[in-house]
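To start, the structure under review is shown below, and the notes come after it.
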């Protein structure tokens, strides 16, 4: 079983991860998880746990995980936007075919403001891209 285990385990948390080194080379052949660092994915900070000094292998593994995590989070962001588009279409269908007058009254102003805000940002960003501004 120990051959199947990774050398490191990353316990994901809100803005990063806690990094553990996995050890099965002990007398009882138990899986031991030794915390070696804490990662803040937002600012890229890696804090060794306690008085520990990270090895080059530790640092390389952490950097590889951070790169993969950034890619995962970016993909999730885009997927969330495409889901929002689907949900907007479903909301349009609901408003046109099933919503009661009371339901429409409850959501119309809030939806219109949110759509206006989104449209304003999208138009401004599109204009910036077309004119080459950042």
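The values are calculated or read from the model by the stated rules, or taken from the named source; none is laboratory data. If you're wondering where the values come from, they're calculated on a predicted model, not measured in any experiment. Cβ sites come from the backbone with ideal geometry, for glycine too, and all protein chains shown count toward neighbours.
Would you confirm, using the coordinates I've provided, whether residue 67 is within 23 Å of residue 39 (Cβ to Cβ) and at pLDDT 95 or above?
It is true that residue 67 is within 23 Å of residue 39 (Cβ to Cβ) and at pLDDT 95 or above.
Residue-by-condition table, conditions (1) at pLDDT 95 or above; (2) in contact with a helix residue (DSSP H, G or I) (Cβ under 8 Å, 6 or more places away or on another chain):
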| site | (1), (2) |
| --- | --- |
| 2 | no, no |
| 5 | no, no |
| 17 | yes, yes |
| 37 | yes, yes |
| 57 | yes, no |
| 76 | yes, no |
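Mind counting the residues in the stretch 95-114 that are under 17 Å from residue 81 (Cα atoms) and without any contact (Cβ under 8 Å) to a residue 12 or more places away in the chain?
Number satisfying all stated conditions: 1.
Examine the stretch 55-74 for a residue that is in a loop (DSSP other than H, G, I, E, B) and not assigned by TED's automatic domain parsing to the domain that holds residue 110, and state whether such a residue exists.
So the first thing to find is which residues in the stretch 55-74 are in a loop (DSSP other than H, G, I, E, B), and the list is 55.
Now restrict to residues that are not assigned by TED's automatic domain parsing to the domain that holds residue 110: 55.
Taking every residue of the stretch 55-74 in turn, at least one turns out to be in a loop (DSSP other than H, G, I, E, B) and not assigned by TED's automatic domain parsing to the domain that holds residue 110.
Let me spell it out: the conditions are (1) more than 18 Å from residue 16 (Cβ to Cβ); (2) assigned by TED's automatic domain parsing to the domain that holds residue 16; (3) touching a helix residue (DSSP H, G or I) at 6+ places or on another chain (Cβ under 8 Å), and residue 104 meets all of them except one. Which number is the exception?
Against the list (1) more than 18 Å from residue 16 (Cβ to Cβ); (2) assigned by TED's automatic domain parsing to the domain that holds residue 16; (3) touching a helix residue (DSSP H, G or I) at 6+ places or on another chain (Cβ under 8 Å), residue 104 comes up short only on (2).
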